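Just below is one structure, and these are the notes that go with it.
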Amino acid sequence: MKRMLSGIKPSGQLTLGNYIGALREFVKYQEDYEMIVFIANLHTLTVYQDPKELSKNLKDTIALYLACGLDPKRSTIFMQSDVMAHAQLGFILSCNTYMGELNRMTQYKDKLSKGEESMTSGFYVYPTLMAADILIYDPDFVPVGEDQKQHVELTRDVAIRFNNRYGESFKIPTPLIPKVGSRIMSLSDPTKKMSKSDEADKGCIYLLDKPEVARKKIMSAVTDLVGVVQFDPINQAGISNLLTIHSALSKVSIPDLVKQFEGQGYGNFKKAVADEVVKLLSDLQSKYEVILSQHILEEVLESGAKKARIMADAKLKLVEQKIGLTIDQ
Ligand code: TYM
């Protein structure tokens, strides 16, 4: 069975973008792959987090993983910081990654161009920790949204370099990007990605938004003056984004949706998109409440971490031997 690995960084509440671009893919894939899914809590620290809020976000994230259908019996689900080998391999890989490579990372360049002075060194080397998260489990595939593709490509480069230097050590993973919904855009500015760190709250739907709040956000989503429901991401970015959201949730193809809404105004179309989103959130949130009431989160994380540690520790040991960190050469 081929292996897949992915993670989400809970630096805020999970969004509809996380669901469409990543979570629902994980759930789909757990049927046919050995799935490893973790909560990238160390990654959140690259930007200051209020400790109480972070802790709550971690709890919500694991509950939402389960509410979305990730099954701890099929998938290995754990918290990144519970498997210490990630951070250890992260340092080793940062010593096999050039600053020139990190300077080319889009997220770093974006922050730099905004003149952010408070960028931490952790943020700068974050892609090497992500490389460690991946390579330590030898996955075949890494399902991610479009924005993380560059990081998986860097991971491949680092793995190839390492294998060339020290001999075969890591499998070279392939990023897997969903065909529909790999980049859900902000509702208030459809030229920007929908993001949990977005200050403009009305552009972002959170999985724990009250359904009626989410409906309002969809109904007030920015559109255009063309007045025709069609897929044209350049000239009709807002409508194209709503088509993508509808299609991802209803599983009706975008061309079929365009036919369905031919000759109708944006109001009707938005209402249909809102109905899909409300259906999803209501369903997820009622499952989320049940999961919280069952008090199973710690048990799920503990048993996932146990399984993950066995794999990760073995790989770290091999790497340490390869690079000469041990005396048993
Ligand atoms: P993060 O937490 O920013 O996002 C988690 C996943 O959600 C996807 N995603 C989106 N997809 C579509 N539209 C959007 N608007 C949208 N926003 C987010 C992301 O592409 C991602 O797949 N560095 C990672 C976490 C991570 C990781 C890993 C992922 C750490 N280690 C190892 C895979 C493998 C991150 O910050 O993702």
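Quick note: the coordinates plus some simple rules give every number you see, no bench work behind them. Small disclaimer: the values here were computed from a predicted structure and weren't measured. Please note: Cβ atoms are built from the backbone with ideal geometry, for glycine as well, and neighbour counts cover all protein chains shown.
Can you say what percent of the DSSP beta bridges in the chain, counting only those with both residues inside, are antiparallel? Round to 5.
Rounded to the nearest five, the antiparallel share is 10 percent.
What is the ratio of the Cα radius of gyration of the chain to 2.2 N^0.38 Å, with N the residue count, to two decimals?
Taking N as the residue count of the chain, the ratio is 1.04.
At 20 angstrom or more along the helix axis (alpha-carbon based) and mean Kyte-Doolittle of -1.0 or higher, what helices does the chain contain? Whole DSSP H runs only.
The qualifying helices are 51-68, 121-135, 266-294, 297-323.
What trypsin sites (Lys or Arg not before Pro) does region 1-38 have in DSSP loop regions with at most 14 other beta carbons within 10 Å?
Lys2
When Rg is the radius of gyration of the Cα atoms in region 94-226 and Rh is its Kirkwood radius, what does Rg/Rh come to?
Value, to two decimals: 1.06.
Test of the criteria: in region 137-193, which trypsin sites (Lys or Arg not before Pro) are in a DSSP loop and have at most 11 other Cβ atoms within 10 angstrom of their Cβ?
Hits after loop and neighbour filter: Lys179.
So if I take the centroid of the Cα atoms in region 292-329 and the same for region 73-91, what is the distance between those two points in Å?
Region 292-329 and region 73-91 have Cα centres separated by 6 Å.
Please report, in Å, the Rg and the Dmax of region 201-290, where both are computed over Cα atoms only.
13.2, 44
What's the longest uninterrupted piece of the chain once you rule out the GluC sites (Glu not before Pro) that are loop residues per DSSP with at most 10 other Cβ within 10 Å?
Longest gap between qualifying sites, sites excluded: 32-116.
Helix-derived [θ] at 222 nm for the chain: sum -39500 (n - 2.57) over DSSP H runs of at least 4, divide by residue count, nearest 500?
Calculated mean residue ellipticity at 222 nm is -16500 deg cm²/dmol.
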